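Here is the structure we will look at, set down as structure tokens.
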Amino acid sequence: MAFTILHRFQSRMEAEMAGEILSQAHIPYLIQSEDIGIFGPGASPTPAGARLLVHPEDLEEARTRLLGMI
């Protein structure tokens with residue numbers, strides 16, 4: 001099943017926080033980021049940011065759940 005971008009965050013930590021809210025609402029999500037290195041993901045911003053993706057049919061519900069955060 002395809003995923004679509006819900007929001008682009010400056011850091012993985014921000015995306016993970018939003019993802020936890022979605023998880024509590026039973027909304028599946030993925031995070032894509034190029035921040036993985038020898039020291040692992042961090043809280044600092046990455047040039048491309050961290051993308052939070054959800055299924056297209058969950059997009060509106062996810063936006064509602066993250067209102068004020070995105």
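Every read-out reported here was derived from the displayed coordinates using simple, explicitly stated rules and does not represent laboratory data. Quick caveat: nothing in here was measured; it's all calculated off a predicted structure. All Cβ positions, glycine included, derive from the backbone under ideal geometry; neighbour counts span all protein chains shown.
Each label point was placed 7 Å from the Cα along the Cα-to-Cβ direction; for A48 and T4 their separation is 2.2 nm.
Per-residue Karplus couplings for the stretch 26-34, computed as 6.51 cos²θ - 1.76 cosθ + 1.60 with θ equal to phi - 60°, are listed in order as 6, 9, x, 8, 10, 10, 10, 7, 9 Hz, Gly and Pro entered as x. Annotation: amide H-H contacts under 5 Å for A50 (H modelled 1.01 Å from N, sequence separation of 5 or more, or interchain): F9, Q10, S11. For H55, the residues whose modelled amide H falls within less than 5 Å of its own, excluding neighbours fewer than 5 places apart on the same chain, are T4. For the stretch 47-63, putting each phi into the Karplus relation 6.51 cos²θ - 1.76 cosθ + 1.60 with θ = phi - 60° gives couplings of x, 8, x, 10, 9, 9, 10, 9, 5, x, 6, 9, 4, 5, 4, 5, 4 Hz, in residue order, rounded to whole numbers and with x for Gly and Pro.
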